[in-house]
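The structure appears below as structure tokens.
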Amino acid sequence: MSEMATKTKPRANDIPDHVPADLVWQEDFEEFATAKEDPFRRMGELHDGPDILWMRKSDKGLGGGVSGWLFTRYEMIREALTDTENFASGNERNMMSAIGIDWPLIPIELNPPQQQRYRKVLEPFFAPAAIDALDGAIRDTCNDLIAKFDSTNSCEFVGEFGEKFPSQIFLDLMGMPRERLQDFLIWERGMLRGSPQEVVAFMTAIHDYLRDFVREQHSKPTSALMRGITSARLDDGQPLTENEMISISYLLYIGGLDTVYATIGWIFWHLARDQPLQSRLRDHPEEISRATEELLRAFSAASTGRRVKRDFEFHGVKMRAGDAVTTFLSLASRDPLVFDNPHFVDIDRKPRHLAFGTGPHTCLGLRLAKREIKIVLEIFLARFRNIRMTEGKQHRFHVGSVFGIDYLPLEWDPA
Ligand code: HEM
């Protein structure tokens with residue numbers, strides 16, 4: 001057992017009585033996860049300790065999450081995400097309550113069967129044919145954003161590409177004008193990385209924009225998705241209310257934003273240090289889909305939360321109704337009980353991971369996300385040789401509900 005959980009420190013006030021002292025994780029999550037250059041490998045050190053821990057709210061306050069249970073094993077995380085009898089989605093307060101709004105984000109803050117009613121309406125727009133229809137726009141977006149890199153033979157991947165790419169795709173998906181990209185980038189940065197006041201201001205700006213946009217869409221929808229949302233009927237024949245449409249649009253915006261940029265950022269951080277993989281994929285682009293799955297396993301950047309629904313015992317540990325649970329999906333995807341040599345990227349292994357969660361809330365946008373990643377890999381690898389970290393430079397990153405790269409200086413050989 002690792003020292004991490006067993007070092008005894010005085011019991012903090014926020015640790016409930018039913019939590020056994022030897023399961024309290026004494027480290028500050030953010031301090032721990034950022035102590036080494038690879039937060040995924042670092043978090044993997046938890047696999048040497050208890051399978052279930054109680055995590056304290058991070059003192060850092062940079063999105064260190066809530067105080068609550070943390071499961072380190074693939075199987076336990078899978079159970080928590082599929083067992084809707086014992087684990088529920090959503091917190092006591094919905095995310096939008098931060099800006100005084102009382103509706104939940106649909107479908108993620110709802111629970112089955114209610115959640116499934118809305119999800120069914122949205123599924124056709126994320127089905128294979130719908131993603132195929134977006135393929136050209138995704139390629140154009142990628143090519144437009146990297147056009148200037150031909151002359152520089154280098155880039156700061158996050159600022160010049162990673163952040164812009166998913167925002168632009170969101171605009172295309174929704175049928176919003178591409179000229180709004182700058183606004184979306186400013187809102188995105190403010191919402192994800194701003195001060196608490198900025199987060200509120202930018203969340204409000206996004207809400208107001210989406211509200212006005214949704215209102216215009218009733219008479220003249222500007223994309224297949226918006227035509228679908230405005231004309232959708234739930235199973236009882238009712239159309240979606242205006243707030244429900246805003247809520248869905250809001251979730252699509254935040255759901256596909258830092259998750260995509262973070263994942264692509266980590267993938268390029270890895271590729272920049274794995275020349276054999278780059279060469280293999282350049283010579284065999286048909287292997288890029290398979291490689292995408294393995295890279296998603298290795299860099300399962302998102303976490304998600306659940307709440308214990310009733311007092312019960314989970315793998316021998318007493319849980320109380322209301323306890324929070326955080327599932328770091330990388331702990332599942334790098335569990336050594338499931339994957340040999342889990343920190344090693346091996347595109348020949350059987351594709352399997354929990355990067356997109358599992359169960360009723362499995363990522364609705366996973367096909368879109370995979371297509372985005374595949375296209376970025378195809379285009380960068382075909383165009384730039386020997387992509388590497390810029391000499392003498394180091395990446396910077398943050399952890400939180402998504403582990404994201406903030407700074408990634410890359411260079412490659414001149415053509
Ligand atoms: C690499 C990129 C992505 C990752 C790692 C990711 C991860 C996840 C995860 C882990 C969940 C499950 C959350 C839970 O169980 O509580 C989820 C749900 C969801 N994701 Fe993604 N996501 C990505 C991209 C996208 C994209 C591009 C979109 C859409 C534009 C999207 C839309 C959604 C939606 C709507 C849900 C809620 C589904 C439901 O509650 O039924 N995601 N995502």
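For the range 300-333, name all the residues that are in contact with a Lys or Arg (Cβ under 8 Å, 6 or more places away or on another chain), of a type in the set (D, E, K, R) and crowded, with 22+ Cβ neighbours inside 10 Å.
Answer for the range 300-333, where residues must be in contact with a Lys or Arg (Cβ under 8 Å, 6 or more places away or on another chain), of a type in the set (D, E, K, R) and crowded, with 22+ Cβ neighbours inside 10 Å: just 323.
If you check 297, 306, which single one turns out to be closer than 23 Å to residue 356 by Cβ, within 16 Å of the ligand (Cβ to nearest atom), of a type outside the set (A, V, I, L, M) and part of a strand (DSSP E or B)? If you could, list the steps in order and put the result at the bottom.
Numbers: 297 fails: part of a strand (DSSP E or B).
Only one candidate passes the filter, namely 306.
A quick yes/no check of all residues on (1) assigned to a helix (DSSP H, G or I); (2) under 20 Å from the mean Cα position of the chain (by Cα):
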| position | (1), (2) |
| --- | --- |
| 137 | yes, no |
| 143 | yes, no |
| 155 | no, no |
| 161 | yes, yes |
| 170 | yes, yes |
| 173 | yes, yes |
| 176 | no, no |
| 179 | yes, no |
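Kindly indicate which of 288, 254 is touching a residue at least 60 places away in the same chain (Cβ under 8 Å), within 16 Å of the ligand (Cβ to nearest atom), within 15 Å of the chain's Cα centre (by Cα) and assigned to a helix (DSSP H, G or I).
Among 288, 254, only 254 is touching a residue at least 60 places away in the same chain (Cβ under 8 Å), within 16 Å of the ligand (Cβ to nearest atom), within 15 Å of the chain's Cα centre (by Cα) and assigned to a helix (DSSP H, G or I).
Counting only residues that are modelled with pLDDT under 95 and surrounded by fewer than 19 Cβ atoms within 10 Å (Cβ to Cβ), give me the helices (runs of 4 or more DSSP H) lying completely in the range 1-79 with at least 2 of them.
Details: elements: 3-6, 29-33, 39-44.
So the answer is 3-6.
Checking residue 362 against (1) within 10 Å of the ligand (Cβ to nearest atom); (2) crowded, with 20+ Cβ neighbours inside 10 Å: exactly one of these is not met. Which one?
(2)
Find the residue count for the range 319-369, including only residues that are assigned to a loop (DSSP other than H, G, I, E, B), among the small types (Gly, Ala, Ser) and more than 18 Å from residue 288 (Cβ to Cβ). So that I can check it myself, show each step before the final result.
At the first step, the residues of the range 319-369 found to be assigned to a loop (DSSP other than H, G, I, E, B) are 320-323, 334-358, 362-365.
From what is left, the residues that are among the small types (Gly, Ala, Ser) are 321-322, 355, 357, 365.
If we keep only those that are more than 18 Å from residue 288 (Cβ to Cβ) as well, we get 321-322, 357, 365.
Matching residues across the range 319-369 total 4.
Based on what the data block shows, is residue 188 surrounded by 21 or more Cβ atoms within 10 Å (Cβ to Cβ) and out of contact with any strand residue (DSSP E or B) (no Cβ under 8 Å at 6 or more places or on another chain)?
Numbers: surrounded by 21 or more Cβ atoms within 10 Å (Cβ to Cβ): yes; out of contact with any strand residue (DSSP E or B) (no Cβ under 8 Å at 6 or more places or on another chain): yes.
When the stated conditions are applied, residue 188 passes them.
Those residues that are part of a loop (DSSP other than H, G, I, E, B), within 11 Å of the ligand (Cβ to nearest atom) and either touching an Asp or Glu at 6+ places or on another chain (Cβ under 9 Å) or without any contact (Cβ under 8 Å) to a residue 12 or more places away in the chain (or both), I need them from the range 370-412; list them, please.
Looking only at the range 370-412, we keep the residues that are part of a loop (DSSP other than H, G, I, E, B), and these are 384, 390-395, 399-401, 403, 408.
If we keep only those that are within 11 Å of the ligand (Cβ to nearest atom) as well, we get 401, 403.
Within the range 370-412, 401 is the sole residue that qualifies.
The values are calculated or read from the model by the stated rules, or taken from the named source; none is laboratory data. It should be emphasised that the depicted structure is a prediction, and the values quoted were computed from it without experimental measurement. Every residue, glycine as well, gets a Cβ built from its backbone with ideal geometry; the counts of neighbours run over all protein chains shown.
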